[in-house]
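Contents: one structure, followed by commentary.
The values are calculated or read from the model by the stated rules, or taken from the named source; none is laboratory data. These numbers were taken from a predicted model, which means no experiment stands behind them. Glycine also receives a Cβ, built like all others from the backbone with ideal geometry; neighbour counts cover every protein chain displayed.
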Amino acid sequence: MQNPFKEIVFEFAKQASDFRMVRTVIVFGSVAKGEADARSDVDILVVFNTSKNVNKIKERPAVGRIALDLEKKFDRNIQLIFSNRNFDNLDRQFIEEVMREGVIVYGKVPQIDTKKLMLEPYSLIYFSLKNIAKADKMRLKRALYGHKTLKRYKNKVYRSVTVGLVDQLGGRRTGIASVLIPAKKAKEFIEVLKSFGVEYEKLDVWISKI
């Protein structure tokens, strides 16, 4: 998510979270994908913790007014979509797109029929190594991504491969300091980062199984 949009998105999430009925706030579309420009709308899905028809949720107008106030403050358009926790009013193709490309900025990961959508919950974890010692950086990288060793003995070469934590957890490396880990195993990965004093940020996403 680009910096120009972060303030309005997180301000909306902060104010919406004051309503106990608001369960999850998800940003989707061009803003979530990092493809937005000055003319782009901010697309937000608000999930209420109820099975009621979305039109009968009494908190809906008040949450809508938050968006209107922020539109005036930031001079940007906000497009809100409301849903109950069962997503009864949304078509399956839209749900799949939001779960695949959206970014959760508040609340819990929605419980949906992921088998039908063929999606699974993952955690996208960004971390910074700038504040740890060089020796610790090397140790951490070897622990996360594994390493290979070569040994020579009596004119023979012996190779060994140590599998890193990312592969052990069924994840994958997505950048210099970012990984995608199955959500149910993210805690184990984060504990390793914490043991090295590494700062991190976690985003919950839904994607096709990797």
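Data table
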| quantity | calculated |
| --- | --- |
| Criterion: within 18 Å of the chain's Cα centre (by Cα), over 26 Å from residue 96 (Cα atoms) and of a type outside the set (A, V, I, L, M) - qualifying residue of 158, 126, 153, 200 | 200 |
| Unmet requirement for residue 23, which otherwise passes all of (1) surrounded by 16 or more Cβ atoms within 10 Å (Cβ to Cβ); (2) touching a strand residue (DSSP E or B) at 6+ places or on another chain (Cβ under 8 Å); (3) in a loop (DSSP other than H, G, I, E, B); (4) not hydrophobic (A, V, I, L, M, F, W, C) | (3) |
| Restricting the range 60-97 to residues that are assigned to a helix (DSSP H, G or I) and among the basic types (Lys, Arg), the residue that is surrounded by the fewest Cβ atoms within 10 Å (Cβ to Cβ) | 72 |
| Only listed residue being aromatic (Phe, Trp, Tyr) and within 24 Å of the chain's Cα centre (by Cα), chosen from 74, 10 | 10 |
| Close pairs from the range 129-150: first hydrophobic (A, V, I, L, M, F, W, C), partner exposed (fewer than 15 other Cβ atoms within 10 Å of the Cβ) and part of a helix (DSSP H, G or I), Cβ under 6 Å, at least 6 apart | 129/137 |
| Every residue from the range 135-182 that is of a type in the set (Gly, Ala, Ser) and modelled with pLDDT of 85 or more | 135, 143, 146, 164, 170, 171, 175, 177, 178 |
| Subset tally (residues that are assigned to a helix (DSSP H, G or I) and not hydrophobic (A, V, I, L, M, F, W, C)) for the range 47-59 | 2 |
| Complete set of residues in the range 31-59 that are under 18 Å from the mean Cα position of the chain (by Cα) and surrounded by fewer than 18 Cβ atoms within 10 Å (Cβ to Cβ) | 33, 34, 35 |
| Sole exception among (1) more than 30 Å from residue 94 (Cα to Cα); (2) among the polar types (S, T, N, Q); (3) modelled with pLDDT under 85; (4) out of contact with any strand residue (DSSP E or B) (no Cβ under 8 Å at 6 or more places or on another chain) for residue 111, by number | (1) |
| Identity of the residue in the range 149-163, under 26 Å from residue 187 (Cα atoms) and touching a Lys or Arg at 6+ places or on another chain (Cβ under 8 Å), that ends up surrounded by the fewest Cβ atoms within 10 Å (Cβ to Cβ) | 161 |
